[in-house]
Each structure stands twice: as structure tokens, then as C-alpha cells.
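Worksheet: the structure to be examined is printed underneath.
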Amino acid sequence: MKDFLFEPIIINQLEIKNRIYLPAMHLGMANNFAVTDQILDFYSQRAVGGAGMICVGFATVDELSGSPLNIGAHKDSFIPGLTRLAETIKNNGSRSAVQLNHAGRYNPSFFLQGKKPVAPSAIASRLTHETPHEMTIDEIKQTIGAFANAARRVKTAGYDAVEVLSGTGYLISEFLSPLTNQRTDAYGGSFNNRMCFGLEVMAAIRDAVGADYPLIVRMNGNDFMPGGNSHQELIEYAQALAQGPADALCINVGWHEARVPQIVTCVPHGAFSYLSRSIKENVDIPVIASHRINDPATARELLANGMCDMVAMGRSLITDPQLPKKAQQGQENQILHCIGCAQGCFDHLFKMKHVECLCNPEAGHEGQRSLKKTTSPKKVMVVGGGPGGMSAALTASLQGHEVTLYEQSDRLGGQLHLAAAPPGRDDFAQLAKDLETQLRVNNIPVIFKQIIDSKAIASKKPDVVIVATGAIAVTPPIPGIELPHVVQAWDVLEDKVSTGTKVAIIGGGAVGVETALFLAEKGTLSAEAVKFLLVNKAEDPEVLYEMATKGSKKVVLVEMLNKVGKDIGKSTRWGMMQELSRAGIKSVTEHQVTEITPTGLTMKKGEDIVKIEAETIVIAAGSVSVNTLETTLQEMQVPFKVVGDAKQVALAFDAIHQGYEAALSL
């Protein structure tokens with residue numbers, strides 16, 4: 001049977017060996033616009049892994065278009081570095097492209113030495129809270145020329161193609177949208193006028209690189225901005241591009257300001273492929289689908305069903321650079337899947353850190369962290385089968401150590417299963433499955449229902465012990481905590497306890513928010529039921545919306561701090577807050593629970609006393625490390641390392657990275 005994913009495809013006159021496209025992603029790895037060894041190492045692995053085409057960037061076109069952490073294409077002095085990167089990608093088997101972009105009003109003055117960012121109109125950005133400078137006609141023409149000159153540098157550097165970003169709320173899409181373009185000259189007003197800037201950029205690039213050089217445009221299928229461009233307008237833009245300079249279209253979604261999640265866990269796999277389909281049906285050039293295509297099965301289905309001609313797999317290839325080869329060689333069960341957590345790939349960028357990955361601790365460190373076979377193998381005992389323990393066991397085994405993992409329960413994964421319980425977060429359980437598969441493939445013994453104590457350590461005689469015993473939920477000293485209707489959030493998430501119709505949750509951190517969403521889902525319509533009722537016109541769409549979002553439980557979330565979800569990553573938090581509101585969950589902040597009663601709880605803020613009725617009280621007050629082995633190991637003088645929550649309660653990201661690093665240091 002034909003495998004659609006590994007059929008070649010031609011863009012302009014360029015043949016690409018398969019349909020897997022690694023889209024441009026800001027890595028935060030450039031040094032004052034220059035290509036670094038870190039960037040070379042990162043993309044080298046993705047090329048070796050079998051991606052058909054790799055697009056790097058975005059790359060800047062002038063001094064106002066990006067930051068020093070972006071790859072530079074706005075000066076000839078950057079060509080040697082660009083050339084090294086092109087050669088690295090091509091010499092390792094992939095086609096190469098550079099994405100050019102101008103951030104427009106999304107570029108903060110912080111990156112511009114105090115200069116104002118530029119835009120079609122002087123309308124403040126909700127991201128930067130700065131009002132940009134409105135571009136003059138001369139500045140518009142200069143910027144168009146800058147795109148063309150940057151494209152010429154890309155071609156000179158030896159890349160197989162150039163891509164232009166015409167979406168996401170950056171400069172070209174700012175010209176397209178009536179929200180950000182209120183000009184009254186030839187570049188504003190009607191949609192035809194608002195398209196002029198983007199079309200002139202593409203035409204200038206075509207003139208600069210010639211007719212035979214592939215030009216790809218990454219454009220939005222939907223901005224998800226109320227009052228912005230309609231989907232039909234964007235189809236018209238796609239048609240104008242396809243009839244003129246563009247050789248392929250890569251379909252993006254949303255602006256950075258949009259209130260529709262785009263890359264995180266709650267987005268279903270391939271959810272936005274309907275946009276690439278509608279554009280593909282209206283153009284006669286290849287169309288690339290993107291966003292949350294994290295496994296070959298989804299990719300194949302989209303290709304087979306005519307939703308697109310190629311699939312963009314970006315964060316999927318951060319997580320597993322070998323995904324294409326594994327898919328082609330019948331090893332799909334060994335793929336490490338992106339779970340859409342955004343903790344390392346997106347949240348890091350807000351912190352001015354380079355890209356990393358929760359699932360893959362080597363990502364972003366390809367030239368610095370490397371697994372090498374040891375010349376002095378040790379007998380390693382790993383205690384605890386959560387993410388930190390599995391990461392440590394796998395890493396130590398791959399280095400040649402003799403590893404056995406001990407887990408006191410009957411399954412691996414630890415708190416990943418808790419994280420997977422709320423709606424739209426199933427991929428966390430996939431990570432547990434992926435890590436378990438890797439343990440099995442590498443023949444690492446796993447002993448379940450085993451409690452490790454001094455006797456067990458003495459009998460096994462390990463050379464070193466890695467302690468990954470995790471954490472347990474905290475039970476705060478609140479009067480009434482012992483009442484029978486008080487339960488722990490972890491037990492709720494694992495469906496070990498039942499809850500009443502009225503539920504109060506004490507603790508508004510990540511676990512509290514996740515538990516609230518888990519409970520709010522009870523009694524809502526499933527996706528399958530919504531589709532059945534919708535297509536049969538059994539209920540009005542507004543009624544179905546209510547039935548899909550409002551469950552049968554009334555949930556109140558009580559938090560001592562001034563806001564809930566403080567420990568949730570920035571990329572994910574806003575969406576979860578949106579879900580809380582949509583589900584009708586009431587959040588009470590800056591209140592301290594003083595007593596739990598048979599009918600609810602009592603809390604206070606200052607001198608104010610408030611009572612809440614509840615049939616079930618859920619405790620989500622955090623967790624505390626479990627590390628009884630450390631003292632034992634010290635007394636026995638057995639070398640050891642502590643990782644994950646056993647070391648300090650943190651995130652799965654920390655556990656996996658600490659497990660990896662501990663094993664590397666053996």
C-alpha cells in the first residue's frame with residue numbers, strides 16, 4: 001500500500017523526498033543575528049532524522065524586523081553563517097529554506113535600542129502595549145526592497161527555497177487586517193488595497209530570485225481575530241498569491257493575540273486542517289497543513305483525505321528528530337510524541353531562553369549533551385517509575401550501564417497520569433506510554449510493586465542509586481479535614497472517589513485548576529454527541545454550545561493568593577483560565593479556608609467571614625517530596641543522586657531533565 005507520507009513532491013522545479021516539512025520556529029539560539037554552532041547542531045539532527053524539507057528562521061529583513069536572537073538575513077555579512085547552515089541541512093539529506101519575516105508592531109522597542117516598531121497604522125499592540133510608528137510610503141517601499149534583498153541573500157547562501165511569513169499578526173498580516181490597517185492611501189481601505197503590501201513583497205522577491213527559485217508563503221487560514229480578516233478574504237489572498245509569485249502555501253492559524261489555542265495540548269491533532277483543505281480547493285499549487293500534527297498516522301490521514309499536500313511537523317521534530325525515519329522504517333511505536341505542553345519550546349522564549357523540550361532533554365543541547373558508551377559500566381538502581389525515573393533509567397542504559405527500575409505501584413508514569421486526566425490533556429498519558437516503550441525496547445528490567453529499603457539495597461548491591469520517588473499530596477491542618485466528604489485532588493483525577501453536585505476545591509494552583517476542569521467536564525456532551533445532534537439539527541447550535549461547556553457540577557475554586565494558576569506556564573495558562581470561565585467555575589482568590597464543616601467550608605478575607613455550601617471538599621494544596629531513602633543511602637555509604645519531585649517539587653520538565661543529567665553524570 002502506498003505511503004502518502006513518503007511520496008516525493010515538487011515545488012516549482014524542486015523535488016522533495018517526502019511530505020514532511022519542518023516549519024520555521026524561533027529557537028532563540030542566534031547570537032547577535034549570527035548563526036551559531038547550537039543552531040547547526042539542532043538542525044543537523046533534524047536533517048539526519050529524515051525530514052523532507054527544513055525551513056529555518058524566522059530571519060530578519062532589516063534592523064526593525066526582529067531581535068538579535070533571530071537569524072539575520074538583512075546584511076551581506078550574515079551570508080557565510082547562512083551558508084554553513086544550508087550546507088549542514090543539505091549534506092544531511094534534507095532540502096533547505098529560510099523564512100523571512102518582519103515582526104512589525106509585535107517587535108518591542110526593547111529589541112530596537114529604543115526605536116519605535118513600525119506598522120501600517122499607529123495602533124497599539126496588546127502584546128507589547130506599545131504604539132508603533134505608522135510607515136510612510138517611502139518606508140513601505142524600502143521594506144519591500146529589504147525583503148527582496150534578504151531573499152537574494154538566502155539564494156546566494158545556497159538554500160533550496162525561500163519562505164515569507166505572511167500571518168501570525170506580523171507586518172504583512174498587519175497590512176492585510178482592518179484591525180491594524182486604517183490607512184487611507186493605496187495600501188489601506190479595501191481588501192484589494194490591503195493586499196497590496198504582501199503581494200508587492202512577493203513580486204519583489206520573485207524578481208530578485210528568478211522564476212525557477214521556489215517561493216513559499218506561510219499565511220493564515222484564519223486570524224481568529226474578531227473584526228479581522230474573514231476566512232473568505234484569506235482564500236482570496238491565497239488565490240492572488242497562487243496566481244502570481246507563490247509556488248506553495250503553508251497554512252498557519254491565529255495571531256499571537258488570538259484567544260483560540262493554537263499549539264497547546266488541548267488542541268486536537270490536525271484540528272486546523274480544515275483551513276488548509278479549503279485553501280487547497282481554491283488554488284493549484286501545493287498546500288502545507290500545520291499545527292498539532294504530532295504523529296505519522298494523523299499526517300497520513302490528512303494527506304490521504306486531500307486536506308493538504310504536505311504536513312508541517314515542527315514541535316513534533318523538536319521532540320523526536322528521528323520521527324520521519326522511524327515512520328518509514330516501521331518503528332512508529334518508538335516515536336516520542338510532542339504533547340503540546342509548550343513549556344520548553346514556547347514558554348522559554350518569554351523568559352529569553354533558547355528552545356528546549358519537556359519530553360526530549362537533548363533538544364537545544366545537541367552539541368553539548370551527548371550519550372556516549374561508558375568504559376566503566378555500573379550497576380544502577382533507579383527507584384521510582386515516574387517521568388524522572390524513566391528518563392534516568394533510559395539514559396543510563398543507553399550509556400551502557402546495567403539498569404533496573406523499581407516502582408512501588410503497578411504502573412509507570414507517576415503524575416503524568418494525573419496531568420492527563422483533565423479534558424484535552426490526553427497526550428501526557430502518551431508521554432508515559434512513550435517512555436515505557438523506550439524502556440521495553442532497550443530491555444530495561446522494571447520491577448513493579450517493589451518497595452526499596454535498606455534490606456533491598458543490601459541484597460541488590462548497586463554501585464549507584466537514582467532516587468526518583470516523587471511526591472505525595474499535602475494535607476493541610478484545617479479543622480474538619482478528617483470529615484468523610486473531604487478528598488484529595490489526586491484521587492479525584494484518578495477516579496478513585498465520587499464527588500457531589502456542589503464541589504469546593506481548596507487550592508488554585510495547577511492541580512486545583514486541572515481538577516476543577518476535570519469535574520466541570522462531568523455531564524457535558526461528548527464531541528461525538530455534539531456532532532450527532534448538530535448534523536441532525538436536533539438542537540440549536542447555541543444550545544449545543546451550552547451543553548458542551550456546562551456540566552452537571554457546580555465547582556468553586558478557593559485560592560489564598562491573588563490569582564489562580566500561578567504555577568501554570570504562560571502559553572497554557574490563559575487558555576485554561578478561559579476554560580474555567582466558559583465552564584462556569586467560580587474562582588475565589590485571597591481567601592483562607594479556616595474550617596471545613598459537614599455542609600461546606602468557612603473562609604475569611606481580612607475580617608470578612610464567608611461560608612460556601614459543598615457536598616464534597618477537594619484538597620489541592622500542593623505536594624511534598626518523598627525521599628526517605630536519602631538518609632538510608634548515606635548511612636549505607638552507597639552513592640546516590642536525587643531527581644524530580646523527590647529532590648524538590650517542580651514540573652515534569654524538571655524531572656525528565658534532572659533524570660537525564662543525573663544519568664549522564666554517572
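Pick from ASN192, ASN181: which is under 26 Å from SER125 (Cβ atoms), modelled with pLDDT of 95 or more, of a type in the set (S, T, N, Q) and not in a loop (DSSP other than H, G, I, E, B)? Give the derivation first.
On the way: ASN181 fails: not in a loop (DSSP other than H, G, I, E, B).
That would be ASN192, the only listed residue that is under 26 Å from SER125 (Cβ atoms), modelled with pLDDT of 95 or more, of a type in the set (S, T, N, Q) and not in a loop (DSSP other than H, G, I, E, B).
May I ask you to list the residues in the stretch 272-293 that are in a helix (DSSP H, G or I), polar (S, T, N, Q) and farther than 14 Å from ALA312 by Cβ?
At the first step, the residues of the stretch 272-293 found to be in a helix (DSSP H, G or I) are 273-280.
Going one step further and asking which of them are polar (S, T, N, Q), we end up with 273, 276, 278.
Answer for the stretch 272-293, where residues must be in a helix (DSSP H, G or I), polar (S, T, N, Q) and farther than 14 Å from ALA312 by Cβ: just SER278.
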ask   = ALA240: closer than 23 Å to TYR274 by Cβ, in a helix (DSSP H, G or I) and out of contact with any strand residue (DSSP E or B) (no Cβ under 8 Å at 6 or more places or on another chain), yes or no?
value = yes
query = Has the stretch 61-74 got any residue that is out of contact with any strand residue (DSSP E or B) (no Cβ under 8 Å at 6 or more places or on another chain) and either on the phi > 0 side of the Ramachandran plot or outside the structural domain of LYS326 (by TED's automatic domain parsing) (or both)?
reply = no
ask   = What strands (runs of 3 or more DSSP E) lie completely within the stretch 561-649 and have 3 or more residues being without any contact (Cβ under 8 Å) to a residue 40 or more places away in the chain?
value = 600-605, 608-613
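Take GLY169 and tell me if it is assigned by TED's automatic domain parsing to the domain that holds PHE147, buried (at least 24 other Cβ atoms within 10 Å of the Cβ) and in a loop (DSSP other than H, G, I, E, B).
Details: assigned by TED's automatic domain parsing to the domain that holds PHE147: yes; buried (at least 24 other Cβ atoms within 10 Å of the Cβ): yes; in a loop (DSSP other than H, G, I, E, B): yes.
Against the criterion (assigned by TED's automatic domain parsing to the domain that holds PHE147, buried (at least 24 other Cβ atoms within 10 Å of the Cβ) and in a loop (DSSP other than H, G, I, E, B)), GLY169 qualifies.
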key: Given (1) assigned to a loop (DSSP other than H, G, I, E, B); (2) in contact with a Gly (Cβ under 6 Å, 6 or more places away or on another chain), index of the condition ALA47 fails   = (1)
inquiry  = Where the second residue is β-branched (Val, Ile, Thr) and assigned to a loop (DSSP other than H, G, I, E, B) and the first is over 27 Å from LEU215 (Cα atoms) and modelled with pLDDT under 95 and lies in the stretch 249-268, which pairs have Cβ atoms under 8 Å and are six or more apart or on separate chains?
reply    = PRO261/VAL267; THR265/ILE339
remark   = In the set SER94, SER44, SER67, SER109, the lone residue that is under 20 Å from LEU215 (Cβ atoms) and of a type in the set (S, T, N, Q) is SER94
query = Which condition number does VAL556 fail, the rest of (1) modelled with pLDDT of 95 or more; (2) surrounded by fewer than 19 Cβ atoms within 10 Å (Cβ to Cβ); (3) out of contact with any Gly (no Cβ under 8 Å at 6 or more places or on another chain) being met?
reply = (2)
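What helices (runs of 4 or more DSSP H) lie completely within the stretch 451-558 and have 2 or more residues being more than 26 Å from ALA392 (Cβ to Cβ) and assigned by TED's automatic domain parsing to the domain that holds VAL588? So that I can check it myself, show each step before the final result.
Details: elements: 454-460, 489-493, 510-520, 527-535, 541-549.
Once the helices (runs of 4 or more DSSP H) in the stretch 451-558 are filtered for at least 2 residues that are more than 26 Å from ALA392 (Cβ to Cβ) and assigned by TED's automatic domain parsing to the domain that holds VAL588, what remains is 489-493, 510-520, 527-535, 541-549.
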inquiry  = Cβ contacts < 8 Å: first residue under 16 Å from LEU165 (Cβ atoms) and crowded, with 19+ Cβ neighbours inside 10 Å, restricted to the stretch 23-41; second residue of a type in the set (Lys, Arg) and at pLDDT 95 or above, any location; separation 6+ or different chain. Result?
reply    = PRO23/ARG218; ALA24/ARG218; MET25/ARG315
message = Given (1) hydrophobic (A, V, I, L, M, F, W, C); (2) assigned to a loop (DSSP other than H, G, I, E, B); (3) within 23 Å of the chain's Cα centre (by Cα); (4) surrounded by fewer than 20 Cβ atoms within 10 Å (Cβ to Cβ), identify the lone condition not met by ALA429.
response = (2)
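The values are calculated or read from the model by the stated rules, or taken from the named source; none is laboratory data. All values reported here derive from a predicted model rather than from experimental measurement. Neighbour counts run over all protein chains shown; Cβ positions are idealised from the backbone, glycine included.
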